[in-house]
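Chemist: Dropping a structure here in structure tokens format, bear with me for questions.
The values are calculated or read from the model by the stated rules, or taken from the named source; none is laboratory data. Quick caveat: nothing in here was measured; it's all calculated off a predicted structure. Positions of Cβ are backbone-derived with ideal geometry, glycine not excepted, and every protein chain shown enters the neighbour counts.
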Amino acid sequence: MPDPGSYNGGAVVAMTGKNCVAIASDKRIGIQMQTIGFEFSKVFPVTDKSYVGLPGLATDTQTLYANMYKLREEREIEPRTLSNMIASTLYEKRWGPFFVEPLVAGLDKNNQPFICGMDSIGCSTETCDFVVGGTSQENLYGICENEPEDLFETISQSLLCAVDRDCLAGWGAVVHVITPERVITRTLKARMD
């Protein structure tokens, strides 16, 4: 039986730069080889400086995002705290997991980049350069292993090259670059077949 997390396809990648971080995803949603739509969001803002990417089964993506922590403490949640909260939520469901592979990207209170990837039961991996998730992750590993100088261009080209080689991802992409001053969001065109 195929992995339920790959049923709807998709790709998400997060990269760090100098005092900035970027997270990008494709926009396709499908049922295996059949495309249903091309405006499905897999990256969600949690705070002004923290985003979460949720590649995997679309219903679990929507359920996990809807059930996430409501910020009622009148302060911003740090990306590391967000990562730990999501990991705990996933581990609670380890016997009937959410079929998602969350990625957290953001800047902490000192504007230092933070990125983290997890598996479906919350085992997290923090890195200093990039994390990947979704059905295109094997393609993304080979492409992302270079030093980003222009973060937007690097993450965009990495994602577009990877989804061009994966029939379960594509149909455009969205890139969020988080800087200490603002978040820059751009939509990219990609193959549509």
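Chemist: Select from segment 95-110 the residues that are under 26 Å from Thr135 (Cβ atoms), assigned to a loop (DSSP other than H, G, I, E, B) and in contact with an Asp or Glu (Cβ under 7 Å, 6 or more places away or on another chain) and list them in ascending order.
Modeler: Phe98, Phe99, Glu101
Chemist: Any idea how many residues of segment 111-121 are under 18 Å from Thr135 (Cα atoms) and not charged (D, E, K, R)? Break it down stepwise before answering.
Modeler: Start the filter on segment 111-121 by keeping residues that are under 18 Å from Thr135 (Cα atoms), which leaves 116-121.
Cutting the leftovers down to not charged (D, E, K, R) gives us 116-118, 120-121.
Going through segment 111-121 one residue at a time, the tally reaches 5.
Chemist: Another question about this same structure. Taking only segment 77-123 into account, find how many residues are closer than 19 Å to His176 by Cβ and of a type outside the set (Ser, Thr, Tyr).
Modeler: Qualifying residue count for the region: 23.
Chemist: Spot the failing condition for Ser25; the list is (1) outside any strand (DSSP E or B); (2) at pLDDT 90 or above, and only one is missed.
Modeler: Evaluating Ser25 over (1) outside any strand (DSSP E or B); (2) at pLDDT 90 or above leaves (1) as the failure.
Chemist: For segment 86-118, how many residues meet the condition of being within 29 Å of Lys18 (Cα to Cα) and touching a Pro at 6+ places or on another chain (Cβ under 9 Å)?
Modeler: Taking segment 86-118 first, the residues within 29 Å of Lys18 (Cα to Cα) are 86-87, 100-118.
So of that shortlist, the ones also touching a Pro at 6+ places or on another chain (Cβ under 9 Å) come out as 86-87, 100-108, 111, 113-118.
Looking only at that region, the number is 18.
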